[in-house]
Amino acid sequence: MQSGALVRDEVVDRLVEERLNQPDGASGFVLDGYPRTLVQAEHFRRWLDERGIREVVIYLAVDYNVVIARLTGRRQCPRCGTLYNILSQPPREDSLCDLDGEPLVIRNDDREEVIRERLDAYERQTRPVLDFLRAAGRNVLEVDASSDPPDVVFQKIRRAMGTDDCSKNRR
Ligand SMILES: [Zn+2]
């Protein structure tokens, strides 16, 4: 995890299955970031097919330059943990926490080389998952998530899934 590398497939598969086998998984579930490799995707497709479950895959497409700019802009207060972003949510005083005046730091996860390593791992390991799922005829919905705030992305997902009819704050 420190180097941006990923946990082994079998370990992840077992954790996911154990969790989904609990009673509250029977009526449906949302998985975020799984399956992440081709081996996981093939394994999980069998798991779904054995149970007659037809999944919807939501692919949140992002521009890497936008992601890198956003993540490298993050700063955290080492004392109270408050997160800032020099682009979108800067502290009142440069590089100091609003709450306690502590100098802000860049978390290791937010360093550009760690982010780039994670994006490389994504291209190597996860991009093929999308191709596999599409080729296998699974229901893959692509939603542009580069720059919109979470609630707008959420509405886009609902629209793509055709479940936005009952939305109260439709955009
Ligand atoms: Zn603080």
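The values are calculated or read from the model by the stated rules, or taken from the named source; none is laboratory data. Predicted model only: the values in this text are computed from it and were never measured. Note that each Cβ is placed from the backbone with ideal geometry, even for glycine, and that neighbours are counted across all protein chains shown. Quick note on the areas: whole protein, heavy atoms, side chains included, nothing else; ligands and nucleic acids left out. Shrake-Rupley method; radii C 1.70, N 1.55, O 1.52, S 1.80 Å.
Observations, loosely collected:
- For the chain, the fraction of 1.4 Å probe accessible surface lying on carbon and sulfur atoms is 51 percent.
- For segment 52-171, the square roots a ≥ b ≥ c of the C-alpha gyration tensor eigenvalues yield an a/c of 1.5 or more together with a/b not exceeding b/c, which makes the shape oblate.
- Cα centroid of segment 104-148 to Cα centroid of segment 60-74, whole Å: 11 Å
- Relative contact order for the chain, counting Cα pairs under 8 Å that sit 6 or more residues apart, in percent: 27 percent
- Put simply, the amide H of ARG75, placed in the peptide plane, has neighbours under 5 Å in TYR84, ASN85, ILE86, leaving out anything fewer than 5 places away on its chain.
- Of all DSSP bridge pairs formed entirely within the chain, close to 50 percent run antiparallel.
- Helix-derived mean residue ellipticity, 222 nm - over the chain, DSSP H n ≥ 4, -39500 (n - 2.57), to 500: -11500 deg cm²/dmol
- Helix 150-161 and the longest principal axis of the C-alpha atoms of the chain enclose an angle of approximately 20°.
- Förster radius 45 Å - calculated FRET efficiency between GLU102 and LEU60 (Cβ-Cβ, nearest 0.05): 0.85
- Those residues of segment 42-83 whose amide nitrogen sits under 17 Å from the label point placed on ARG92, 7 Å along Cα→Cβ: 77, 80, 82-83
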